[in-house]
Amino acid sequence: MEFVISIYSDLYVPFLYVCIDSIMKNHKDASVVIVWDDISDKEILLLRHHFQSVTFIKNTQNIFHSDITVRIPLKLRFWVYYLKNTKEKTICFLDSDTLVYKNISNYINADFDFLFTWKDEKFPLNVGVVIVNNNDRIIKFFQLWLEKIEQIVENKKILKHACLTHGAADQQALVDLMGENDYQSGFTVKYDFGDIRFKPVSCNELNQTNSIPINSNAHIFHYKGGWHPILLKEAGYSAYRLQKQSYEMHRFWENRLTEINDTLMHDFVIQAADKYITNVNWGNIDHETRGILNSEMLAV
């Protein structure tokens, strides 16, 4: 299985560290691909250094837009490109603000083409987690999905309606293509290019967007929307993210990021010291009587 994650801003880099690390902890043999744009060279350098087995691809599919309600759905441009250039395999597309808490291999088999997650809420679908068994029919379906998305984002009135009714243009387009089916069980939809077998899985299992205890049945947590200011800017809890329900997930994510940062800094300093220690003649260094210790300067 291959995990593909898209990220388009330095702001979300902390999420990416946690996401990649969680995949590698729970899927040691899986390959991970990061599609990035609008990320600083420094951040990419550190990410490559820390996750040396991960593939980083700079996005060239022209999805830049100042409006995130347009920019985020257009990630389908890269998804289509990637599916066309990938051998047949199982691919899990993830948002960068997800965390893989448990191995999800038990959900993967040959009885579906397109796995999506749903919930019994105002916005029933969330495409922060999408899994496909890649084939020619899936590629054509994604092309059709992208066409629908582009039609929606080109019209501000239709885009606004999509965001109000289904939370995003890509989710509205997906509902339009699948139809208003009962998401309790799998179903098949016929298209001009062939049949697509859809497999719905509850968000409670593969895309938990709510604040819940960690020891739940959730295999993937999705720190979407209201989580961002709490985790990235130390903002207070809100009416939608109450402290009592959110505290456990909050601390779990922060602890994972702290662990990664500690490891990253330790490795960075040790490797830098190993690289340059032979360039330093410790016996002939002049220093002020009240200067700092050589070891302190080495750490700097």
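The values are calculated or read from the model by the stated rules, or taken from the named source; none is laboratory data. Since the model is a prediction, treat every value here as computed from it, not as a measurement. Here the Cβ positions follow ideal geometry from the backbone for every residue, glycine too, while neighbour counts run over all protein chains shown. Accessible surface areas use protein heavy atoms only, side chains included; no ligands, DNA or RNA. Shrake-Rupley method; radii C 1.70, N 1.55, O 1.52, S 1.80 Å.
Taking only the stretch 170-183 into account, find how many residues are at pLDDT 95 or above and either among the small types (Gly, Ala, Ser) or not in a helix (DSSP H, G or I) (or both).
The total comes to 1.
Of all residues being open to solvent by less than 10 Å² (accessible area, probe 1.4 Å) and aliphatic (A, V, I, L, M) in the stretch 128-145, which is farthest from Leu115 (Cα to Cα)? Just the residue, please.
Out of the qualifying residues, it is Ile138.
Scan the stretch 188-232 residue by residue and report those that are in contact with a helix residue (DSSP H, G or I) (Cβ under 8 Å, 6 or more places away or on another chain), part of a strand (DSSP E or B) and over 20 Å from Phe15 (Cα atoms).
Matches in the stretch 188-232: Val189, Tyr191, Gly194, Asp195, Ile196, Phe198, Val201.
Does Glu88 qualify as being over 30 Å from Ile212 (Cβ atoms), surrounded by 15 or more Cβ atoms within 10 Å (Cβ to Cβ) and not small (Gly, Ala, Ser)?
Considered against the rule, which asks whether it is over 30 Å from Ile212 (Cβ atoms), surrounded by 15 or more Cβ atoms within 10 Å (Cβ to Cβ) and not small (Gly, Ala, Ser), Glu88 comes out as no.
Here is a yes/no grid of residues against (1) touching a strand residue (DSSP E or B) at 6+ places or on another chain (Cβ under 9 Å); (2) exposed (fewer than 15 other Cβ atoms within 10 Å of the Cβ); (3) on the phi > 0 side of the Ramachandran plot:
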{"position": "Gln208", "(1), (2), (3)": "yes, no, no"}
{"position": "Trp227", "(1), (2), (3)": "no, no, no"}
{"position": "Ser238", "(1), (2), (3)": "no, yes, no"}
{"position": "Arg256", "(1), (2), (3)": "yes, no, no"}
{"position": "Val269", "(1), (2), (3)": "no, yes, no"}
{"position": "Asp274", "(1), (2), (3)": "no, yes, no"}
{"position": "Gly291", "(1), (2), (3)": "no, yes, no"}
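Of the residues that sit in the stretch 146-167 and are touching a residue at least 60 places away in the same chain (Cβ under 8 Å) and touching a Leu at 6+ places or on another chain (Cβ under 9 Å), which one is surrounded by the fewest Cβ atoms within 10 Å (Cβ to Cβ)? If you could, list the steps in order and put the result at the bottom.
Let us first name the residues in the stretch 146-167 that are touching a residue at least 60 places away in the same chain (Cβ under 8 Å), namely 146, 149-150, 152-153, 159, 163.
Then drop every residue that is not touching a Leu at 6+ places or on another chain (Cβ under 9 Å), which leaves 146, 149-150, 152-153.
On the way: Leu146: 21, Ile149: 26, Glu150: 16, Ile152: 24, Val153: 23.
Top of the filtered list is Glu150.
Taking the conditions exactly as written (open to solvent by 20 Å² or more (accessible area, probe 1.4 Å) and closer than 21 Å to Asp95 by Cα), does Asn181 satisfy them or not?
No, not satisfied.
Within the stretch 91-106, which residues are open to solvent by less than 30 Å² (accessible area, probe 1.4 Å) and of a type outside the set (D, E, K, R)? Give the steps one after another, and end with the answer.
Start the filter on the stretch 91-106 by keeping residues that are open to solvent by less than 30 Å² (accessible area, probe 1.4 Å), which leaves 91-94, 96-100, 104.
Passing the criteria: Ile91, Cys92, Phe93, Leu94, Ser96, Thr98, Leu99, Val100, Ile104.
When only residues in the stretch 64-85 that are over 26 Å from Lys156 (Cβ atoms) and not hydroxyl-bearing (Ser, Thr, Tyr) count, which is least open to solvent (accessible area, probe 1.4 Å)?
Among them, the one singled out is Leu83.
Select from the stretch 87-124 the residues that are in a loop (DSSP other than H, G, I, E, B) and touching a His at 6+ places or on another chain (Cβ under 7 Å) and list them in ascending order.
If the condition is that a residue be in a loop (DSSP other than H, G, I, E, B) and touching a His at 6+ places or on another chain (Cβ under 7 Å), then Asp97, Tyr101, Lys102, Asn103, Ile104, Phe123 are the ones that fit.
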